[in-house]
Structure formats: C-alpha cells, structure tokens
Amino acid sequence: MVSKMMSFGLIGLDAFPVTVEVDLANGLPAFEIVGLPDAAVKESKERVRSALKNAGFPFPPKRITVNLAPADTRKAGPVYDLAILMGFLSCSGTISGDFSKIGFVGELSLLGEVRPVKGVLPMALKARELGFSALIIPADNRSEIQYIDQIAVYPVSSIGEVVNLLHHPEEFQPMIPSTFQPEEAISYPLDFSDVKGQFIPRRAMEIAAAGGHNILMIGPPGSGKSMLAKRLPTILPPLNFEEALECTKIYSVSGLLGKNILQTRPFRSPHHTATYVALCGGGQQLMPGELSMAHNGVLFLDELPEFAPQVLDTMRAPLEDNEITIARANGTVTYPCNIILVCAMNPCKCGYLGHPTHACTCTPGEIHRYRHRISGPLLDRIDLHVEVPAVSYDEISTKAPGEASEPIRERVIKARRIQQERYSTDNISKNADLTSPLVKKYCTLSSEAEQLLKSSFDQFDLSARGYHRILKVARTIADLAESEQIELAHITEALRFREADDPK
C-alpha cells in the first residue's frame, strides 16, 4: 500500500513542495529513504521508528520505502519526519482521508513530540501560494507565522495531537492571524545622547540613516567609532511589514529566529577573522551570511583593514546590487542584502597618526600598507568618509547630554517619507538605491551647486560611481532640509564627507 503526504523543502529563501510517498510491502523488514536525502533526512527512519512505538502506534514489520519527490532535488534537515510518520499511519489505516492539500512540517523526538524546524515562514507562504487548505507545524514555530492569513495553520506538540486533529478537525481551531503594527517608539538600550561631542560624525550618521548610505569612520582608538555605529539602528525608521517578513525569512532559514517575527532592524558585527563564507554565505547547505543577516539593517565592520582583503572585495557586487548570488556545485541561491554598511578604522596601524597628544610610531611604509589593505573599488562604494577625532576633556566631562535618538529618528523618518513619495513609481524607497537614470531625473542642482561639483570632479579625481554617490548624498541632505532642489550648501557638505581623510 502507498500513501502520499505533502511537506516542503528549502532552496535559499524559497520553499518548494515535497511529496512524501510511503510504501509498505511484504518481504524482509527494511527501511529505505530515497530522493536525494542528506544525513539528517536518512536518520529520520530511526526517529520515526522510535516515535511510533513510544506514542503507542505499531511499527509494521515490512519492507518500507519512502520516496521524497521531486527526486532530483536535494532534501536536507529533519523537516520531513512528521510527514513520513503520517504516511505510515495512513498506510496502516490509523488515519484516512485526502491529504493532498495539507502540509506536514516538523521534527520528531523519540517520545513522539513535534519539535521546531528551520524555515517554517517561507514554507507557510509557499503553502498559501499553492492553495493548501491547511498546514500543520510545530507549536514552537507558531510565533514566526502569526501574521500569515488565508491558510489554516495548526500548531501541534505531539503525534497524538496530530492524529486527533485529523480524526476530529471540528474540535480544533486554526491560528487566528495577528495584525502587524510597526513599533513607532521602539525602546533601545543605547541612545545617541550617550555620545559626547562629535558633531560632524553624528551629522554623518543622520545622513546615512536618512538615505541608507554606507559610511566609513576614521579615527584614533577610543574616539567613539564603535559607540556611534551601535547607535545607528536607534535612529532608523521602524520596519514595515514587507521588510519585517523579508528579515524574518532569512533568520528562519538560518535557525536564528527567536520567539517572534523581527520588529527591529538587524545589527550585525562580525569579527575581523570572519571568512568569506561567513560574510557572504555558502557552505554545504548554501546558508545566508552576515551580509544577508543584516538585510534592511546595519552591517558594522570594525577594524576594517584587519579583514582579509579577499573577504572585503567579495562585497563589491552585493553592495551595488543589494543581493548576493551564491553559486556552488550543489546549487545556486540568491539572498537579499540591502544594507547600510558601517566601517571603522584607525588612521594608521598604531592608531595615533595626527593625534594631538599621542605620537604616531608607524613608518611611512607601514602607514601605506595599512591603508592599502582596503581596495579603491570598495572605498568608492562607501558614500560618506568621516573623521572621528579624539574627544577632549571638556567634551567628555560635560554633564549636558547630547541630542537623543528620538528627535534624530523623527527627522530621518520625515526624510524617508519624502523619498518614498518621490520614488513611489520607481520601485525603490531611498536615495542610496537610485540608479544612474534616476539620479539624472531627481538630482537637480542649482547653478552654483552644479558649478562647484564640476570644479570638484577633477580636483578630487572622482570616478563616475563617486560622482553619482555624491549626488545621492546631496539629495539626502536636501531632503533633510526639505528642499526640492540641491543647493550649494547641500553639495558642499556632500563633497566634504567624500574627501574627509580618504585612505586611498
């Protein structure tokens, strides 16, 4: 006898339907799983065998074959345990009915409990897209799909609960979808009021947040670079539903999702020993890396020159395209990575070049090698270069707090709304995403501003990319000032952030 149950697999952030076929035949007892299973899937037979017995159901002494279709696509993880077990119960007559539009997702314990698995959110979205009538998932995964409607979702904790649900569906109620409400006033443990002095770096952070621009901070140890970077999320606009869903999918397939959908923008800060796989993604299962984990948020690279140059240069294309494609022998996946890149570095290896009180101990050769560990093409993709000078005693000892995050965030949100209205028909939402044709369309300059930019083009040896990025930053500065046209003051400030202690 053959039974068919439906489950789901993952390729990147996309789920695909998997038909779990279970065949019980006479012959010597055996248990085989076919359909390109990985080690975790092959081990399902032991979990299913023990779960059946310990839940009070007989294990048939027959020749058992489980096929996971499509057979030419690799299957990974314990997500098929529940579907395989339900196939056994269907073959033995314990349950009956049409299960072609019911999805089963979950790992089994040896006692028959249903444990959480990765990637339930994209699986639920795919089930809804394919017109499934119901989806049975582990109870511990319920929070990540609480906002998914138009499909009946049943969180379960044990095999017995699933059997009762299939026997008496009228006695069970599916999850009631919640309404997503962005948290306008998210409470952060950090605040910009903690930062003393540093007016220009704070201004650069506000511009970066308002337009989604990448930023490089250069300054001596202890000047506050990391402090500023960690407070950038506190002035970013709250996530909307689409952004929250994208971020949650990434964390769901990575197995790093907590108990709820993401409602704050991600902040990722990998150590400088990170490999290119850790940063960009990959591995045997083509998992997302730090670039994608920071999607719609901030990726902070402290001690930038200490990262391996090959690792840094892998970010070039993703920073332009806002997505990264990982191609390996076992498949190709694409992950989104629309991020604000925040980098911090010392002016030299010892950190005290140009310091007012500490003498630099580096030789000219050491300074040259240190700065040139960062390639010119990567620096060209960073919109704002800002010096972070050492803080004076008067600044750090003052009891007057700096400007708090809340009023800065209000200005950022106001500027972002202007951009969203302007680009409502262009499929972008912020200035950093402007393409060359859109820069020409929306970045109109006054005659004085255009004259200054023209004279600066040769003076600063700007590339075409650098030219467009200056215009994007100037557009953001104009939006913060609620100016429709880019004026002389706006282009002057944008140029100042482009030339500030550039380590090229």
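Annotations for the structure displayed:
- Cα-based equivalent ellipsoid of region 74-119: semi-axis lengths in Å, sorted from largest, via gyration tensor: 19, 13, 9
- The translational diffusion coefficient of region 220-262, from Stokes-Einstein at 20 °C and 1.002 mPa s with a Kirkwood hydrodynamic radius over alpha carbon pairs, comes to 171 µm²/s.
- Kirkwood-Stokes translational diffusion coefficient of region 427-495, alpha-carbon pairs, 10 °C, 1.306 mPa s, µm²/s: 133 µm²/s
- Using the empirical formula 2.2 N^0.38 Å as the baseline, the Cα radius of gyration of region 369-504 reaches a ratio of 1.19.
- Value of D in µm² per second that Stokes-Einstein yields for region 94-231, Kirkwood Rh from Cα pairs, at 4 °C (1.567 mPa s): 68 µm²/s
- Seen from a random direction on average, the alpha-carbon convex hull of the chain projects onto 27.7 square nanometres.
- Reduced Cα scattering model of region 1-84, Debye log10 I(q)/I(0), q = 0.14, 0.17, 0.24 Å⁻¹: -0.46, -0.67, -1.24
- Residues of type lysines that LYS454 reaches as a straight line, Cα spacing below 20 Å, ignoring anything fewer than 8 places off in the same chain: LYS440, LYS441, LYS472
- Every pair of different Cα atoms in region 305-453 enters the Kirkwood calculation, which places the hydrodynamic radius at 19.9 Å.
- Overall shape of region 75-174 was characterised from the C-alpha gyration tensor. The equivalent ellipsoid obtained from it has semi-axes of 19, 16, 13 Å, in decreasing order.
- Structure-based [θ]222 nm, the chain - -39500 (n - 2.57) summed over DSSP H runs of at least 4, per residue, nearest 500: -10500 deg cm²/dmol
- Cα pair distances in region 162-256, grouped into 5 Å bins until the bin that holds the longest one, percent each: 2, 9, 15, 14, 14, 11, 10, 6, 3, 4, 4, 3, 2, 1
Every number here is computed from the coordinates shown, using simple stated rules; none is lab data. Please read all numbers here as calculations on a predicted model, not as lab measurements.
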